[in-house]
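The values are calculated or read from the model by the stated rules, or taken from the named source; none is laboratory data. Being a predicted model, the structure only gives us computed values, none of them experimental. Note: ideal-geometry Cβ built from the backbone for every residue, glycine included; neighbour counts use all protein chains shown.
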Amino acid sequence: MYIVCSDLEGIYTPEIWISVSKHTGIDELKLTTRDVNDYNTLMRGRLSLLKQHNLRLKDIQKVIYQLEPLEGAREFLDWIRSVMQLIIVSDTFIEFADPLMEKLGRPTLLCHHLTTDEAGNITGYNLRQQDAKRKVVEALQNLNYKVIAIGDSYNDISMLRHAEKAILFRPPQNVIDENPDIEYVTSYEELKRIIRETAGI
Ligand SMILES: [Mg+2]
């Protein structure tokens, strides 16, 4: 039986940090997992920028509340969930993702969480586990599922490489160039077609 494991940002929602960068005017915050392949380096840089600019969790949440899912994302998710099971596996944090999950109809989400101090400053981040995306795929395979994985960035590659079917959705050119053997698509209609063909539905 097939199950879909999908990334969140870039697939159903805008990149949260790029939006925060635009709203705060802090240019360096626009780097994402699409540009930097070491997640811990990326996160340490983000937290030090937030500290330097005195931005607290609630300042970031204010930006996120204004974000809308990508056009067609909600309909696509509703379609998948009407035909099979789906888990969103993300390297974002529950404190950031929640308003967007509400707008997406609350699909199942596995992600990380933040640490804040009493003043609401973000002082750290807690990965659910190392290589969390790949481990979700392996856990589901142990439960006898076959996984269709959807992602767009460097941090999705190990999940994609372990899945029975891997699809890149609107990836940046560098990710396409470095993974020429992984199929990529640019529309929800193409994703639907591949999911249907793979799962035989
Ligand atoms: Mg992404």
> Does Ala199 satisfy being more than 13 Å from Gly10 (Cβ to Cβ) and touching a Cys at 6+ places or on another chain (Cβ under 7 Å)?
Replying inline: no
> Are any residues in segment 108-122 touching a residue at least 24 places away in the same chain (Cβ under 8 Å) and β-branched (Val, Ile, Thr), and if so, which ones?
Replying inline: Thr116, Ile122
> Taking Lys192, is it surrounded by 18 or more Cβ atoms within 10 Å (Cβ to Cβ), charged (D, E, K, R) and at negative phi?
Replying inline: no
> What residue, among those in segment 136-149 that are touching a strand residue (DSSP E or B) at 6+ places or on another chain (Cβ under 6 Å) and farther than 22 Å from Arg193 by Cα, is farthest from the ligand (Cβ to nearest atom)?
Replying inline: Leu140
> With respect to Glu95, is the statement that it is of a type outside the set (Lys, Arg) and over 26 Å from Val137 (Cα atoms) true?
Replying inline: no
> When the residues of segment 150-164 are filtered to those that are touching a strand residue (DSSP E or B) at 6+ places or on another chain (Cβ under 7 Å) and at pLDDT 95 or above, which remaining residue is farthest from the ligand (Cβ to nearest atom)?
Replying inline: Glu164
> Taking Phe76 and the conditions (1) of a type outside the set (Ser, Thr, Tyr); (2) at pLDDT 95 or above; (3) under 14 Å from the mean Cα position of the chain (by Cα); (4) within 24 Å of Lys146 (Cα to Cα), which numbered condition does it fall short on, given that it satisfies the others?
Replying inline: (3)
> Restricting segment 140-160 to residues that are in a helix (DSSP H, G or I), without any contact (Cβ under 8 Å) to a residue 60 or more places away in the chain and more than 16 Å from the chain's Cα centre (by Cα), which is nearest to Val4 (Cα to Cα)?
Replying inline: Gln141
